[in-house]
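The values are calculated or read from the model by the stated rules, or taken from the named source; none is laboratory data. All values reported here derive from a predicted model rather than from experimental measurement. Here the Cβ is made from the backbone with ideal geometry for all residues, glycine too, and neighbour counts use every protein chain on show. Quick note on the areas: whole protein, heavy atoms, side chains included, nothing else; ligands and nucleic acids left out. Shrake-Rupley method; radii C 1.70, N 1.55, O 1.52, S 1.80 Å.
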Amino acid sequence: MEYLLIVILNFISCIILISNGTLLKTLFNLKNIDNDIIESGLYGFILISTTTFILNFFFKISNYLSLFLLFLPFFFIYKKIFFLYNKIFYYSLVGSLISSLIMILDWTNRPDAGLYHLPYTNIINDSKIIFGVANLEFRFGHASILQYLSAAFNNQIFTNKGILIPLSNIFAFSVIYIFNLFLKNNGVLKIIFFLFLFNILYSMNRYSGFGNDDPAHIFFYLVICNYLITFYCKNNNHNHYQNVIFFSVFVFLIKPFLIFIFFIPLFLLISKKIKLITKVNILCFTIILLWFLKNIIVSSCIVYPAPKSCFKSFQWTTINSAVANPSRVKRTSEAWAKAWPNKKGDITQTEYIKNFNWLKVWKNSHFKIVLKETIPQIIMIIILFMIIPSHSDNYRLNKNKSLVIFLFSLFCISFWFLKFPTYRYGQSYIILFLNSILILFLNLKIKNFNFSINNLNKFLSSILVILCIGVLAKNVIRINKNFNNKYIDYPWPKMNSFTDKNTKNKNIPVYSEDKKLLYFKPYPYTLCMSSESPCTSNNNVHNIKLRSKYGYKIYYYEN
């Protein structure tokens, strides 16, 4: 029965996402509303998460407010929903089946879900925005918009397990969306869409692997797809540019490290001479400003943990924090990304990350992971280069445009390598770089095996079918393997603890000297996971103070 319940709730979630996205597209007069239900679903993620984020400035996202957020659009676009019910039912059913397949009997992302994804989501549901909450756990300073999206699904219909659903929906909607692009287009665009879909299917098919990283990389691919359509499709329309803008903002709100995605809409603005002052641009700019404001409130930094963007004068500043000092967090994060735990000998983190002192250690650890993860993509690119018809101009992009994509990806991957060279941080940068090399080489017209266009299309379709069967088989095997392993909340993904029984924490309250509740410590398990909030797994929280002003909590350290 619980298996069926997961499918039903995913189905309802898909309808909600499509309805919310349809409302957003209607408000901004975006075209193709009736023809692209899945695109509306992608817009639904954006509307729900940003609305939740804005409301959390003033309210906790309670069960009733959650229901209001999710179902309000029905009252505005119910006629469109009724008119399109056949398509909406079909795509919602397909989306729910894909979503349920990858999430049943799996884990949540380890360890980040336990450290800050789930705890921060609980904070959103239990409290309006908290000043200086990063002083409890530095990771709260760079929480993602996805935590707000998850918080919106905690209500009487979905229960608290609803916070697990949106991540699986992102995978389902994105796969269907890019697959539709693959079917609708030909030539080099078909190849590029195939390569992005290829990477998602072989590399991002585990629910337990979905943190904040995979969804960000997926939406990065969506930005590039819509950018290419805007430039190279004869029947393109203004709607794809709007997609680039909205999806770029969403990428940044999920993972600020991918900030260079904003070069894409900027390039379109300049090259296509698109108006700068539009309703969409103003809205997106406002959302980004509010996000910076949120960052200042929770961490005292515009972009945490960039020390130069932090304010020392605020009472809740993280500069005074032993837990969340931005200089220390930035240094430590960069050192760990450069394989600091694998180093030998005595060397400070500051010296380690300088002058490529880290390169040899990184090459023997993280680089092997990068190579392992990218080998399938490299092999597929080589195969395509050998079989794509060299005589057909349909498989070549304009040389200057191809060079722009290559230089953009080269800049992105260079920044990734110099600052945070772990695969999970730079996956989309790396894949775009590899794909751009193929795009450049196709312009050389080198003689090859010269598959016919018909045979090439059959080959691409066959690979995708094989991958889909592989994803299906992999998850069915996983479900079958864990079928008899009963645990709390079976068969939902484990969100209470990383134990076989998914046992819930009994958090220990920590009080101030005047007996006021400060926060909770996880017990008996070391990570907070989904539990009473605010909870921190950090053991270095000492002498923290808490005060309230105008109904807002403020965590701070005295100078």
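General remarks:
- Subset of segment 19-71 [in contact with a Phe, Trp or Tyr (Cβ under 7 Å, 6 or more places away or on another chain), closer than 16 Å to I88 by Cβ and without any contact (Cβ under 8 Å) to a residue 40 or more places away in the chain]: G21, L24, K25
- The condition (being at pLDDT 95 or above, open to solvent by 30 Å² or more (accessible area, probe 1.4 Å) and in contact with a Leu (Cβ under 8 Å, 6 or more places away or on another chain)) is satisfied by just one residue among K481, K553: K553.
- Considering segment 49-76, and only residues there that are more than 18 Å from N160 (Cα to Cα), in a helix (DSSP H, G or I) and not hydrophobic (A, V, I, L, M, F, W, C), the residue that is most open to solvent (accessible area, probe 1.4 Å) turns out to be T51.
- Taken over segment 110-167, the criterion of being part of a loop (DSSP other than H, G, I, E, B), within 29 Å of Y3 (Cβ to Cβ) and aliphatic (A, V, I, L, M) is satisfied by A152, I157.
- Pairs with Cβ under 7 Å, 6+ apart, first in segment 247-268 and farther than 20 Å from E39 by Cβ, second assigned to a loop (DSSP other than H, G, I, E, B) and modelled with pLDDT of 95 or more: K255/S144; K255/N212; P256/V303; F257/F420
- Pairing residues of segment 514-536 that are more than 12 Å from L115 (Cα to Cα) with residues that are open to solvent by 70 Å² or more (accessible area, probe 1.4 Å) and in a loop (DSSP other than H, G, I, E, B), at Cβ distances under 8 Å and at least 6 apart in sequence or on separate chains, gives F520/E532; Y523/K506; P524/K506.
Matching residues to (1) closer than 11 Å to S19 by Cα; (2) out of contact with any Leu (no Cβ under 7 Å at 6 or more places or on another chain):
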{"residue": "T51", "(1), (2)": "no, no"}
{"residue": "K60", "(1), (2)": "no, yes"}
{"residue": "F74", "(1), (2)": "yes, yes"}
{"residue": "L93", "(1), (2)": "no, yes"}
{"residue": "I98", "(1), (2)": "no, yes"}
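- Every condition in (1) over 17 Å from the mean Cα position of the chain (by Cα); (2) surrounded by 24 or more Cβ atoms within 10 Å (Cβ to Cβ) holds for S168 except the one numbered (1).
- Number of residues in segment 387-413 that are part of a helix (DSSP H, G or I) and open to solvent by 50 Å² or more (accessible area, probe 1.4 Å): the value is 10.
- Across segment 514-534, the qualifying residues are those that are open to solvent by less than 30 Å² (accessible area, probe 1.4 Å) and aliphatic (A, V, I, L, M), and the one among them that is farthest from the chain's Cα centre (by Cα) is L518.
- P326 passes every criterion in (1) touching a Cys at 6+ places or on another chain (Cβ under 6 Å); (2) open to solvent by 70 Å² or more (accessible area, probe 1.4 Å) apart from (2).
- For segment 402-422, the criterion of a residue being in contact with a His (Cβ under 8 Å, 6 or more places away or on another chain), touching a residue at least 12 places away in the same chain (Cβ under 8 Å), closer than 29 Å to I261 by Cα and not charged (D, E, K, R) is satisfied by at least one position.
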